[in-house]
Amino acid sequence: DAKTTQPNSMESNEEEPVHLPCNHPTISGTDYIHWYRQLPSQGPEYVIHGLTSNVNNRMASLAIAEDRKSSTLILHRATLRDAAVYYCILRGGGSNYKLTFGKGTLLTVNP
Amino acid sequence: EAGVVQSPRYKIIEKKQPVAFWCNPISGHNTLYWYLQNLGQGPELLIRYENEEAVDDSQLPKDRFSAERLKGVDSTLKIQPAELGDSAVYLCASSLESGCSYNEQFFGPGTRLTVL
């Protein structure tokens with residue numbers, strides 16, 4: 001599986017934007033970039049995914065570098081409910097469609 | 001629409017005892033996953049089912065772990081006998097199909113197992 005690296009933790013203030021980085025220097029052309037998050041005492045939940053172009057949905061935006069070796073998850077206005085562990089995952093074609101989680105980034109949101 | 005249901009939410013047992021976890025996936029989802037999550041780590045896949053067939057059980061410790069998905073709906077994960085190192089959260093997830101690299105997986109709340 002292609003690897004991703006994320007900061008162990010980040011901190012933000014409520015109602016401010018948050019940019020969560022992810023590096024994936026060995027990404028292949030068929031790998032999708034997925035983000036999941038895990039709130040305390042819950043299972044992970046899907047946030048967003050993309051292949052080459054930037055993506056927006058109701059939860060977040062995903063900015064993908066032109067060379068695809070890095071991406072950034074953007075929460076436009078952090079709330080206390082956004083405090084969670086955020087996982088950046090590469091999910092590719094071929095025979096491997098599983099989610100391989102790393103340790104993720106623990107996001108703390110201050111009131 | 002109901003999400004992925006797991007029971008029990010918490011289980012405390014003594015080592016060498018058996019334990020079972022149950023999962024009911026989202027209606028219509030033919031793919032079901034069991035993950036193990038140790039404290040401070042991300043989830044790790046144990047087994048993946050396509051309908052009633054286990055298509056990826058390479059990470060399942062088969063000496064003590066077993067799983068089944070009769071009729072391709074509900075699933076049970078069993079540990080017998082449990083060891084201290086099995087203390088973790090066991091997560092179940094489902095998706096419409098796994099043969100698609102952008103298919104979303106929906107996770108249940110997990111079962112937190114403590115082995116004393």
- Give me the distance in nm between label points sitting 7 Å out from Cα along the Cα-to-Cβ direction at B:Ser27 and A:His19, one decimal. 4.5 nm
- Note on the structure: Given Cβ charges of +1 for Lys and Arg and -1 for Asp and Glu, the option among B:Gln59, A:Pro44, A:Ser70 whose Cα lies farthest towards the positive end of the dipole of the protein assembly as shown is B:Gln59
- When A:Thr108, B:Thr31 are arranged by how many other beta-carbons sit within 10 Å of their Cβ, fewest first, they go A:Thr108, B:Thr31
- Query: Under unit Cβ charges (Lys, Arg +1; Asp, Glu -1), what dipole magnitude, rounded to 20 debye, does the protein assembly as shown have relative to its Cα centre?
  - Reply: 380 debye
- Query: Across region B:1-86, how many lysine pairs separated by 8 or more positions, or lying on different chains, have Cα atoms within less than 15 Å?
  - Reply: 4
- Item | FRET efficiency estimate (nearest 0.05) - Cβ-Cβ, B:Glu52 to A:Lys103, R0 35 angstrom | 0.55
- Task: Take the alpha-carbon centre of region A:53-111, take the same for region B:45-93, and report the distance between them in whole Å.
- Result: 27 Å
- Take A:Val47, B:Val5 and order them by how many other Cβ atoms sit within 10 Å, fewest up front. B:Val5, A:Val47
- Message: Could you give each residue of region B:106-116 its phi-based ³J(HN,Hα) in whole Hz, using Karplus coefficients 6.51, -1.76, 1.60 with θ = phi - 60°, and x for Gly or Pro?
- Response: 10, 9, x, x, x, 10, 8, 9, 10, 10, 9
- The answer for trypsin sites (Lys or Arg not before Pro) in region B:9-116 that fall in a DSSP coil and have at most 13 neighbouring Cβ atoms within 10 Å is B:Arg9, B:Lys15, B:Lys16, B:Lys62
- Could you give P(r) for the protein assembly as shown, binned at 10 Å from zero, as whole percent values over all Cα-Cα pairs? 8, 32, 34, 20, 5, 0
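Coordinate-derived values only; no laboratory data. Since this is a predicted model, take the numbers as computed values, not measurements. Using ideal geometry, Cβ is built from the backbone for each residue, glycine included, and neighbour counts are taken over all protein chains shown.
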